[in-house]
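The values are calculated or read from the model by the stated rules, or taken from the named source; none is laboratory data. Note that the structure is a prediction, hence the values are computed from the model and not measured. Virtual Cβ from ideal backbone geometry, glycine too; neighbours counted across all protein chains shown.
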There are 2 protein chains.
Amino acid sequence: MPSPEDTTNIVRNAIPLADHIGLSVTEVSPQRVVLAVPFEGNTNHVGIMYAGVLFTAAEIPPGILALVRFDPAKFYPVVKQMTVDFRRPGRSGVTVVAELPAERADQILAEAEADGKSEFTMDLEVRDEDDEVLMTSHGIYQLRSH
Amino acid sequence: MPSPEDTTNIVRNAIPLADHIGLSVTEVSPQRVVLAVPFEGNTNHVGIMYAGVLFTAAEIPPGILALVRFDPAKFYPVVKQMTVDFRRPGRSGVTVVAELPAERADQILAEAEADGKSEFTMDLEVRDEDDEVLMTSHGIYQLRSH
């Protein structure tokens, strides 16, 4: 199991955009990942968190869960569709909590082993420092075998 | 009317993420904007264009059209919702063409002047150098008065 610091480095090396926005993994296990993204440097034309930063904060956690839970030598995750709803302007750093129950992960793995791919969805909330929801997301991902 | 170069600078100064991904405006008028984003530095864990980069390429053009067509001293655009579909892996730089017909812009302006805000949608395609569609987007925006 990689530490949060190792996972942060893996993500930032794999995805330069994640490095640019200062994304860090603060908690990681095969069932749960928590990310944080700072406010500074991530704003838009009206001084609030830029939409593309919030999108990225929600897009990355399912990929981390897939990389930690499944064997990266055999499988990799890809995003197929994302719907994001912007609820309120972001004026602080944000956090995202993503969970993948063990039973659901077992199903995904069994299907990917049998069919070469398995689709899974994840609904997330990007929250500010006051725990207010800034953005919700509905993502459709695939776990694919190499 | 700002030049494409001036518009590029305005966008990059307003949104650091746009600067980071090397976004440039190659054509701009109140009815039409064309953006380009390079491949280099914008990849993910499997070496293709990162989803958050493609999202950003599609999210920004409607905002530019709004800033060019409407008076920025009176109105500003915000994104409310985006749905993005990833069609195929991106292995080159991308372009996006966004258009706002004059008649539709007049409607948006009239509604924003009357009600303080007006909602508008925009469906876009992010294309690679072979003119293949990598991602489609459906965005819901609001033009709001200050």
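Within segment A:110-146, the set of residues being touching a residue at least 40 places away in the same chain (Cβ under 8 Å) and farther than 21 Å from B:MET82 by Cα comprises A:ALA112, A:LEU143, A:ARG144, A:SER145, A:HIS146. In summary, helices (runs of 4 or more DSSP H) completely within segment B:1-116 and bearing 3 or more residues that are surrounded by 15 or more Cβ atoms within 10 Å (Cβ to Cβ) and within 8 Å of another protein chain (Cβ to nearest Cβ) occur at B:16-20, B:51-69.
Counting the residues of segment B:55-101 that are closer than 18 Å to B:LEU23 by Cα, basic (Lys, Arg) and touching a Pro at 6+ places or on another chain (Cβ under 9 Å) gives 0. Considering the conditions (1) in contact with a Gly (Cβ under 8 Å, 6 or more places away or on another chain); (2) at pLDDT below 95, B:ASN42 is excluded by exactly one of them, (2). Taking the criterion of being in contact with a Ser or Thr (Cβ under 6 Å, 6 or more places away or on another chain) and of a type in the set (Gly, Ala, Ser), would at least one residue in segment A:88-110 satisfy it? No - not one qualifying residue is present in segment A:88-110. Filtering segment A:125-146 to residues that are over 17 Å from B:ALA51 (Cα atoms), in a strand (DSSP E or B) and over 15 Å from the mean Cα position of the chain (by Cα) leaves A:ASP128, A:VAL133, A:LEU134, A:SER145.
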